[in-house]
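Inspection log for the structure reproduced underneath, given as structure tokens.
Each reported figure results from applying straightforward, stated rules to the coordinates on display, with no laboratory input. Given the structure is predicted, the values throughout are model-derived calculations rather than measurements. FYI the Cβ positions are ideal-geometry reconstructions off the backbone, even for glycines, and counts take in every protein chain you see.
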Amino acid sequence: DAFEGSGVWRYSAALPFEEGVTLPEGSTPLHAVPRLEAEIGVNNLRVKHEGMNPTGSFKDRGMTVGVRVAQEIGVDRLACASTGNTSAALSAYGARADMETLVLLPAGKVAAGKVAQASLHGARILEVDGNFDRCLDIVQDLTDRGEAYLLNSLNPFRLEGQKTIGLEMFEQFEREEGTLPDRIVLPVGNAGNTAALYKCVRELRRSGAIAEHEVPKLTGVQAEGSAPMVEAIENGWDHIERWDDVETIATAIRIGNPVNAPKALPGIRETGGTAVAVSDEQITTAQRDLAEEGIGVEPASAASIAGLRKLRREGVVSDDEDVACLTTGHLLKDPDAAAAAGSDPEPVPADTEAVLDHLGA
Ligand code: F0G
């Protein structure tokens, strides 16, 4: 079709261009999860699996637009700091556009699948002896000095593309459930996606496409070891403090200085949402629970389910709500975390009798 099958560019009326550098992205599934729905205890629970994008995360939706803009401007070098997924997406879309890409990664803190992607797609990879926030400081310095074009979520065109997560999910939810979700639960790192979804609902609201009472409550989830947004809300919304030391198994959201907080916090507040922190153990449990329903996600993505479960138990989320959880990245992004959360292979001899024996037949 006219959009080359892209679930992003089919919404070009809401984007700065008619078409872009496409692989193609979007059109991700909205899974029913009946067992989790019953166990957590909400009216409706759907999982929007953004890990099913071409490079395995929602970042592709932003990158297809961001790289298109970079082409238009005519820059020499694309760059980002990343906990992994942004670098994988930038490397692939940069390769597609035949442009030079540079990625700065926190040494030792990026999951194996993501580094492999950046490597094979031909990015120049700098391993920085510091965390993600320091990487982003440096990339911002480089772009200030005209050395690169910034494709982190500080780039507003990235967020334009990511708005389509909301547009697509609302269409699917309405088609399948006859209603819009009361709440969207998503993992928060740099808070770009939260800001993108807020822009999405604001534009739908202003155009009259949805009514005030249909605006879903934006609900963010962070890991306990890197939860500056949660802390900012507890301290009265107005001020956010940078965390210098962050740690979590969910390395994708191991971020202490959410640069989009000024756009995301008002979104959470004005939609009647909240933010919550979950432990690594709760994240791993949720990753297993999703896997048991056939949905493979990386740890940061499972945080959305872990956060919903916690908020439901605390009574913040009520049992009559229709909820959409975003799972942002694919299981294969972080094979080590998946293997650690799952069961171990059992060695057996290459012999049928021995295998039956082992099975206890
Ligand atoms: N989930 C995954 C799998 C991510 O990779 C990220 C961010 C987030 C959630 C949080 O999204 O930053 O918009 O709040 N990853 C970035 C990266 C930081 O470099 O790949 P956010």
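A cut-off of 5 Å between modelled amide H atoms, ignoring neighbours fewer than 5 places along the same chain, links residue 183 with 217, 322, 324. Once the C-beta distance of residue 17 and residue 346 is scaled by a Förster radius of 41 Å, the resulting FRET efficiency is 0.20 to the nearest 0.05. If neighbour count is taken as other Cβ atoms inside 10 Å, put 91, 279 in order from fewest to most. With the sparsest Cβ surroundings first, the list reads 279, 91. The relative contact order of the chain comes to 19 percent, based on Cα pairs under 8 Å that sit 6 or more residues apart.
Apply the Debye scattering formula to the range 59-150, with a single equal point scatterer on each alpha-carbon and no solvent, then give log10 I(q)/I(0) at q = 0.15 Å⁻¹. Here log10 of I(q) over I(0) equals -0.48. Overall, the range 59-150 carries a charge dipole of about 360 debye about its Cα centre when +1 sits on the Cβ of Lys and Arg and -1 on the Cβ of Asp and Glu, all other atoms neutral.
Per-residue 3J(HN,Hα) values for the range 169-184, derived from phi via the Karplus relation 6.51 cos²θ - 1.76 cosθ + 1.60 with θ = phi - 60°, read 5, 4, 4, 5, 4, 5, 5, 8, 10, x, 7, 9, x, 6, 8, 10 Hz in sequence order (x marks Gly and Pro). Within the listed set 41, 108, 256, the Gaussian network model of the chain (springs between alpha-carbon atoms below 10 Å) gives the highest mean-square fluctuation for 108. In plain terms, the residue of 141, 245, 133 with the fewest other Cβ atoms within 10 Å comes first and the most crowded comes last, giving 245, 141, 133. Long-range amide H contacts for residue 330: which residues qualify at under 5 Å (H placed 1.01 Å from N, peptide plane, sequence gap of 5 or more or a different chain)? HN-HN under 5 Å from residue 330: 298. For the range 15-79 and the range 226-263, write down the distance between their C-alpha centroids in whole Å. One Cα centre to the other: 23 Å. A cut-off of 5 Å between modelled amide H atoms, ignoring neighbours fewer than 5 places along the same chain, links residue 78 with 100, 101, 102, 149. Residue order for 31, 358, fewest other beta carbons within 10 angstrom first, comes to 358, 31.
Multiply the residue gap between residue 313 and residue 77 by 0.36 nm, knock off their C-alpha separation, and tell me the result in nm, one decimal place.
80.2 nm
Considering the chain, its Cα convex hull presents a mean projected area of 20.3 nm². Taking a label point 7 Å from the Cα of residue 175 along the Cα→Cβ vector, which residues of the range 23-58 have an amide N closer than 19 Å to it? It comes to 24-33, 45-54, nothing else. In the chain, taking the dipole from charged Cβ atoms about the Cα centre, the farthest positive-side position among 189, 250, 213 is held by 213. Model label points for residue 224 and residue 98, set 7 angstrom from Cα along the Cα-to-Cβ axis, are 5.2 nm apart. Of the trypsin sites (Lys or Arg not before Pro) found in the range 45-153, those that fall in a DSSP loop while having at most 10 other beta-carbon atoms within 10 Å are 145. For the chain, a simple Cβ point-charge model (Lys and Arg +1, Asp and Glu -1, everything else neutral) yields a dipole of about 960 debye relative to the Cα centre.
Based on Cα contacts under 8 Å between residues 6+ apart, the range 1-93 shows a relative contact order of 25 percent.
FRET efficiency for the residue 241 to residue 355 pair, using the beta carbon distance and R₀ = 56 Å, is estimated at 0.45. Bridge orientation summary for the chain: considering DSSP beta bridges with both residues in this region, about 15 percent are antiparallel. In order along the range 151-157, phi translates into HN-Hα couplings of 10, 7, 6, 5, 6, x, 5 Hz, rounded to whole numbers, per the Karplus curve 6.51 cos²θ - 1.76 cosθ + 1.60 with θ = phi - 60° and x for Gly and Pro.
Remark: relative contact order (the range 27-152) = 23 percent; criterion is Cα-Cα distance under 8 angstrom and separation of 6 or more residues. Computed from backbone phi with θ = phi - 60° and the Karplus coefficients 6.51, -1.76 and 1.60, the 3J(HN,Hα) list for the range 286-302 is 5, 4, 5, 4, 5, 4, 5, 9, x, 10, x, 10, 7, x, 4, 5, 5 Hz; x is used for glycine and proline.
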